[in-house]
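The values are calculated or read from the model by the stated rules, or taken from the named source; none is laboratory data. For clarity, every value in this text was computed on a predicted model and none was experimentally measured. Neighbour counts are summed over all protein chains in view; Cβ atoms, including those assigned to glycine, are modelled from backbone coordinates with ideal geometry.
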Amino acid sequence: MKKKSSLLRVVILLILGALIYIGARAAGIIDGLPKFEWSLENIVRGALILIALLVFEGLVSFLLGAIRPKRHRTRTMVALLKNITRYAVILIAICVVLTMLNVDIVTILSGLGIVALIVGFGAESLIADVVTGMFILIDNQYNIGDIIEINGFRGTVTDISVRTTVITDLGGNVKIVNNSDMKNILNRSDNASKAVTEFPIPYETDLEALERELPALLLQIRSAHPDLMKSAPEYLGIDQFGDSAVVLKFVVEVAEPDIYTGARVLNHDLFVGMRKLGVEVPFPQIDVHQK
């Protein structure tokens with residue numbers, strides 16, 4: 001559906017362009033430009049070349065789409081090749097059609113030198129996006145499938161083009177960032193992560209007795225989730241003294257995509273395990289002292 005709508009837009013733009021050209025030619029506005037030879041032979045040639053280019057682009061997309069790479073770097077290069085092929089086909093199609101219509105492309109380009117310079121200044125951000133995108137790919141800063149964090153937004157890179165990077169978070173929110181704005185990136189894909197959780201216990205709890213029971217409990221939690229946790233959760237000690245509880249901190253090493261799942265599972269198993277040890281999560285308490 002998306003390809004059909006894109007093709008329809010192209011056809012509409014071509015029709016509008018032809019109508020504008022015919023009207024401008026009839027009004028004498030563009031008499032100084034070279035006249036197109038609207039012969040049947042040229043039209044057929046242009047149509048055949050356009051069809052050949054579309055078939056080529058479709059074939060390249062099909063062959064690249066048939067590749068199912070496991071490495072993130074390979075997936076990125078496949079997506080980039082698709083993107084470059086699409087732009088190249090569009091550019092070649094424009095040049096070929098103009099040539100078949102007896103338009104001197106070299107003369108037009110040289111005559112548009114000043115205009116191109118002005119457009120170049122106006123498209124400074126576009127050029128920066130493209131150049132930065134190429135350096136991102138060359139330096140292998142991140143690839144499709146990597147988990148990155150930028151300006152507080154954390155998600156998986158789902159697409160990289162020569163202009164933009166698409167990031168999708170766990171909630172399905174999609175963020176499209178210009179490549180020139182991809183700065184101060186935190187790439188977490190190649191690093192193991194630690195899911196962190198805090199567990200409150202009452203002040204009345206015998207902490208020394210509880211700490212003797214914790215190693216066995218943490219080993220039980222690890223054995224219950226061997227695919228999620230890379231090792232047994234670790235007890236770090238007292239994190240803070242709250243208003244109504246002593247807060248203990250625990251961490252467990254997990255893969256980066258499982259960092260939130262690991263924290264939720266650890267919270268659940270600690271809550272169940274602590275209850276079996278006779279330790280309840282305290283309710284907020286207020287001490288009132290009356291003279």
Starting from the stretch 178-189, take each residue that is closer than 13 Å to residue 136 by Cα and list its partners that are of a type outside the set (Val, Ile, Thr) and not in a loop (DSSP other than H, G, I, E, B), counting only C-beta distances under 6 angstrom and pairs at least six apart or across chains.
178/129; 179/129; 179/133; 180/128; 180/129
Yes/no for residue 198 being within 30 Å of residue 242 (Cα to Cα), surrounded by fewer than 17 Cβ atoms within 10 Å (Cβ to Cβ) and out of contact with any strand residue (DSSP E or B) (no Cβ under 9 Å at 6 or more places or on another chain)
no
Can you find a residue that is surrounded by 14 or more Cβ atoms within 10 Å (Cβ to Cβ), modelled with pLDDT of 90 or more, touching a helix residue (DSSP H, G or I) at 6+ places or on another chain (Cβ under 7 Å) and of a type in the set (Asp, Glu) anywhere in the stretch 263-270?
yes
Against the condition at positive phi, under 26 Å from the mean Cα position of the chain (by Cα) and exposed (fewer than 12 other Cβ atoms within 10 Å of the Cβ), how does residue 152 come out, does it pass?
yes
Given the conditions (1) modelled with pLDDT under 75; (2) surrounded by 13 or more Cβ atoms within 10 Å (Cβ to Cβ); (3) in contact with a strand residue (DSSP E or B) (Cβ under 8 Å, 6 or more places away or on another chain), every one holds for residue 125 apart from (2)
Residues (touching a residue at least 12 places away in the same chain (Cβ under 8 Å) and either of a type in the set (Val, Ile, Thr) or part of a helix (DSSP H, G or I) (or both)) located in the stretch 165-177
165, 167, 168, 174, 176, 177
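Here's the yes/no breakdown for (1) of a type in the set (S, T, N, Q); (2) surrounded by 16 or more Cβ atoms within 10 Å (Cβ to Cβ); (3) out of contact with any strand residue (DSSP E or B) (no Cβ under 6 Å at 6 or more places or on another chain); (4) more than 30 Å from residue 140 (Cα to Cα):
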| residue | (1), (2), (3), (4) |
| --- | --- |
| 220 | yes, no, yes, yes |
| 227 | no, no, yes, no |
| 234 | no, no, no, yes |
| 241 | no, no, yes, yes |
Going by the structure shown, is residue 139 in contact with a strand residue (DSSP E or B) (Cβ under 6 Å, 6 or more places away or on another chain), modelled with pLDDT of 65 or more and among the acidic types (Asp, Glu)?
no
Would you tally the residues in the stretch 128-164 being in a strand (DSSP E or B), within 24 Å of residue 260 (Cα to Cα) and of a type in the set (S, T, N, Q)?
2
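Could you identify the single residue in 232, 209 that is assigned to a helix (DSSP H, G or I), modelled with pLDDT of 85 or more and not assigned by TED's automatic domain parsing to the domain that holds residue 145?
209
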